Amino acid sequence: MSRLLELAGDAPEIHFAPGEVLIEEGVPFPDLYILKEGEVEIRRDMLSIGKISKKGSAIGEMSALLGIAPTATAIALTPCTFAVVKNASAFVCDNHEVTLEIARNLAHRLSWMTRTYVEQIYDDI
């Protein structure tokens, strides 16, 4: 089990069918979803910017950390199950292990996006 799922404890579950919107860009979302099963597409301005399928990945973590509405839309690609953490800001701020796990996940995503961006630049040369 992922460390983030362990830290969420007995958080309730929510399920999404393929095509359902989990969170919508610009619409306030106070919770945090932690992926238990499935695959999610992330879109920004209707453009697909990535997919998430790693068990224990967080959805809504940027909103929790920055105190802003979601910066992207998340859509289920397959049947998905999430642990739902209510009041994500408090969950993140009150537990340094949660903050560290989310920071690691965000760092991995940023690393991937940087590599992808550089590869695209080289492809255009």
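The table below lists the values:
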| read-out | value |
| --- | --- |
| Selection from region 57-76 of residues that are at pLDDT 90 or above and either outside any loop (DSSP other than H, G, I, E, B) or closer than 11 Å to L106 by Cα (or both) | S57, A58, I59, T73, A74, I75, A76 |
| Sole exception among (1) at pLDDT 90 or above; (2) closer than 19 Å to G19 by Cβ; (3) in a strand (DSSP E or B) for A83, by number | (2) |
| Index of the failed condition, R43 passing every other in (1) over 25 Å from R115 (Cβ atoms); (2) without any contact (Cβ under 8 Å) to a residue 40 or more places away in the chain; (3) assigned to a strand (DSSP E or B) | (1) |
| Residue count, region 81-108 (criterion: surrounded by fewer than 19 Cβ atoms within 10 Å (Cβ to Cβ) and β-branched (V, I, T)) | 3 |
| G38 small (G, A, S), closer than 14 Å to A83 by Cβ and surrounded by fewer than 17 Cβ atoms within 10 Å (Cβ to Cβ) | no |
| Residues satisfying the stated conditions in region 92-121, i.e. assigned to a helix (DSSP H, G or I) and acidic (D, E) | E97, E101, E119 |
| Inter-residue pairs, beta-carbon under 9 Å, first in contact (Cβ under 8 Å) with a residue 24 or more places away in the chain and at negative phi and in region 6-19, second of a type in the set (K, R) and surrounded by 14 or more Cβ atoms within 10 Å (Cβ to Cβ), 6+ apart | E13/K36 |
| Answer from L65, L22, L32 - the residue that is surrounded by 13 or more Cβ atoms within 10 Å (Cβ to Cβ), farther than 22 Å from T116 by Cβ and free of Cβ contacts under 8 Å to residues at least 40 places away in the same chain | L65 |
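The values are calculated or read from the model by the stated rules, or taken from the named source; none is laboratory data. Model, not experiment: these values are computed from the prediction. Positions of Cβ are generated from backbone atoms using ideal geometry, with glycine treated the same way; all protein chains shown enter the neighbour counts.
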